[in-house]
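Enquirer: Pasting a structure here, questions to come.
The values are calculated or read from the model by the stated rules, or taken from the named source; none is laboratory data. Small disclaimer: the values here were computed from a predicted structure and weren't measured. Cβ placement follows ideal geometry from the backbone for every residue including glycine, while neighbour counts extend to all protein chains displayed. The protein model used for the area step is the full one, side chains on, heavy atoms only, and it has no ligands, DNA or RNA in it. Shrake-Rupley method; radii C 1.70, N 1.55, O 1.52, S 1.80 Å.
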Amino acid sequence: MKSDTPRIPGRSFALALGMVAFIGPLAVHLFFPVIPAVKAAFGLSDALAQFTFSIAVFGMGAATLVYGTLADRLGRRPVLLSGLALFLVGTVASAAATNVPMLVLGRLVQAIGAGCGLTLVRTIARDAYGPERLVKAIAYLTMFYAIGPMIAPAAGGVLVDAFGWRGVFAFAFVAGIAIMAMVYAVVYDTRPAGAGSQGGSVLRGYGELLAQPRFTALVLQTGFATATFLIVGSASATLMKELLGRPATEFGLYFVLLPLGFISGTMVSSRLGNRARTEAMVLAGALLCLAAVAVQAALLLALPPAPLMFFLPGAVVTMGQGIALPYAQAGAMATIPRLAGTAAGIGVFVQQVAGALFAQLYGLIADGTPRPMIVATALSAVLGVAAGGVAYLAAGRRKATPKVS
């Protein structure tokens, strides 16, 4: 049902959107401490164990390209509820898996369903709150999304130690039911009247955006930054368990440092706001990430591994991500204002898929030591700086080139 008259969203509506933001962490971050447990349970190689994680990030990234278009045509509410239902189906299938193909399929379905949260929460917020209140709404939702990665690995670690890896999926199912019930009760369809009848080629919009070097560089930078974070997160889970012999609960507690770093970075970005140049902040965040990776490599190569060697530099990695990401996303969406939604979809897709590719790269070269993590994070961080540099230079050229009307 399309909304023909404006409605003022209440607190329960805002809370429901915030809860939907937890769906992504339930599919991705909650699984970090499960990786070594699944590896042991099924006797998997490092690459295959990593694939049970990275397949979810691949699936979520691909789904973001579809949900926006479906929501424009069918309405926000029915598509959001359908995505949440798909998340529940995939969660049950993952919990019931008796072999690796069943687990991979369940994880894929779970992640495709969870992709609805990444795309539709921002879209619904834009519809419901309008441009005047959108910044505050996005800040509120970002807070919820940052809390998810903070508590999900810790909760997952406790569940793995207490109930085994299937207990993680049982928790995700119960949480998913609660979120879906709240959405069903209070989230109305915010699609503007006539939105589904707008014409235009989606592929043409992709082409217009990707032809802009600055846009391409900005979205690639978010992908490489996410890749560095996912490598650190997934590698640390396995190395803490197998190399250092630490329980999953301890991993979850240390992992809190990573989202705290991200929140610190976003606080810097929010304080500076429009006073700082977009491309300069993106490059600064990328350079901070590279510096953290270099320090981590030096520590791990020179000294016996210890938990803080994984997580303190990791917190600085996510701080750099938190500084760069808001500017990169805003800059990408502002490239061609009429294609802001398409730009957001491409940005989320690149962010998720690049992260999954590098996480899987780590799985392919993992050997039970920190060296493969060092190699993979060095590559992603260097590419992130390169992308940030290209965006900086492209913006300078664009300003220097006179516009022809």
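Enquirer: What does the charge count around Ala95 come to, taking other residues whose C-beta lies under 12 Å from its C-beta (Lys +1, Arg +1, Asp -1, Glu -1)? Each step should come with its number before you reach the end.
Expert: Working: positive: Arg107, Arg166; negative: none.
Here the charged neighbours net out to +2.
Enquirer: In whole angstrom, how far apart do the alpha carbon centroids of segment 350-396 and segment 46-95 sit?
Expert: Segment 350-396 and segment 46-95 have Cα centres spaced 24 Å from each other.
Enquirer: With a 1.4 Å probe and all protein chains kept in place, how much accessible area does Met60 have, in Å² rounded to the nearest 10?
Expert: 0
Enquirer: Starting from the Cα gyration tensor of segment 22-136, take the square roots of the eigenvalues, sort them a ≥ b ≥ c, and report rounded, prolate or oblate (rounded when a/c is under 1.5, otherwise prolate if a/b is larger than b/c, else oblate).
Expert: Numbers: a/c = 3.01, a/b = 2.25, b/c = 1.34.
Taking the square roots of the gyration eigenvalues as a ≥ b ≥ c, segment 22-136 is prolate.
Enquirer: Also, quick follow-up: Quote the relative contact order of the chain in percent (integer), defining contacts as alpha-carbon pairs under 8 Å separated by 6+ residues. List each step's numbers first, then the result.
Expert: Numbers: 699 pairs, mean separation 99.9, N = 405.
Contact order relative to length: 25 percent.
Enquirer: Projected onto the charge dipole of the chain (+1 at Lys/Arg Cβ, -1 at Asp/Glu Cβ, origin at the Cα centre), which of Leu80, Pro36, Gln360 gives the Cα projection farthest towards the positive end?
Expert: Highest projection toward the positive end goes to Leu80.
Enquirer: Something else about it: Please report, ordered by residue number, every helix of the chain (full DSSP H runs) that is 18 Å or longer along its axis going by C-alpha atoms and whose mean Kyte-Doolittle hydropathy reaches -0.5.
Expert: On the way: long enough: 46-74 (42 Å, 0.99); 76-95 (29 Å, 1.30); 100-163 (47 Å, 1.01); 166-186 (31 Å, 2.01); 213-242 (43 Å, 0.82); 257-272 (23 Å, 1.16); 278-302 (37 Å, 2.07); 307-333 (38 Å, 1.08); 340-365 (38 Å, 1.34); 371-400 (44 Å, 0.91).
Helices passing the filter in the chain: 46-74, 76-95, 100-163, 166-186, 213-242, 257-272, 278-302, 307-333, 340-365, 371-400.
Enquirer: Let me check something: with ligands and nucleic acids excluded, how do Lys39, Lys241 order by accessible area (1.4 Å probe), largest to smallest? Before the final figure, lay out each step's value.
Expert: Values: Lys39 35, Lys241 100 Å².
Highest to lowest solvent-accessible surface, that is Lys241, Lys39.
Enquirer: If you don't mind, there's one more thing I want to ask. Which value, in nm² and rounded to one decimal, describes the direction-averaged projected area of the C-alpha convex hull of segment 225-291? List each step's numbers first, then the result.
Expert: Working: hull surface 20.3 nm².
Taking the Cα atoms of segment 225-291, their convex hull projects to 5.1 nm² on average.
Enquirer: Same structure again: About the Cα centre, and with charges only on the beta carbon of Lys, Arg (+1) and Asp, Glu (-1), how big is the dipole of the chain? Nearest 20 debye, please. All intermediate terms of the calculation are to be shown ahead of the outcome.
Expert: On the way: 27 positive and 12 negative charges, 237 e Å.
Once rounded to the nearest 20, the dipole reads 1140 debye.
Enquirer: Counting only Cα, what are the radius of gyration and maximum Cα-Cα distance Dmax of the chain, in Å?
Expert: So, for the chain, Rg and Dmax equal 20.5, 66 Å respectively.
Enquirer: Okay, moving on. Over segment 1-105, calculate the relative contact order: mean separation of alpha carbon pairs under 8 Å at least 6 apart, over the residue count, as a percent. Working shown, then result.
Expert: On the way: 39 pairs, mean separation 22.5, N = 105.
Rounded, it is 21 percent for segment 1-105.
Enquirer: For segment 176-290, state what percent of all Cα-Cα pairs lands in each successive 5 Å bin, counting from 0 Å until the bin that includes the largest distance.
Expert: Taking every Cα pair in segment 176-290, the percentages come to 2, 8, 11, 11, 11, 13, 17, 15, 8, 3, 1, 0.
Enquirer: Over the heavy atoms of Tyr327, what accessible area does a 1.4 Å probe trace out, to the nearest 10 Å²?
Expert: Counting only protein heavy atoms, the figure is 20 Å².
Enquirer: Leaving ligands and nucleic acids out of the surface, order Phe22, Phe87 by accessible area at 1.4 Å, largest first. List each step's numbers first, then the result.
Expert: Working: Phe22 35, Phe87 0 Å².
So the residues, ranked largest to smallest area, are Phe22, Phe87.
Enquirer: Find the relative contact order for segment 261-405 and round it to a whole percent, using C-alpha pairs within less than 8 Å whose residues are 6+ positions apart. Walk me through the numbers on the way to the answer.
Expert: On the way: 136 pairs, mean separation 48.5, N = 145.
Rounded, it is 33 percent for segment 261-405.
Enquirer: Same structure, new question: Using a 1.4 angstrom probe on the protein heavy atoms only, line up Leu203, Leu244 by accessible area, largest first. Walk me through the intermediate numbers first.
Expert: On the way: Leu203 135, Leu244 45 Å².
Output order, biggest surface exposure first: Leu203, Leu244.
Enquirer: Would you give the gap between the C-alpha center of segment 242-286 and the C-alpha center of segment 24-45, rounded to a whole Å?
Expert: Cα centroid of segment 242-286 versus Cα centroid of segment 24-45: 22 Å apart.
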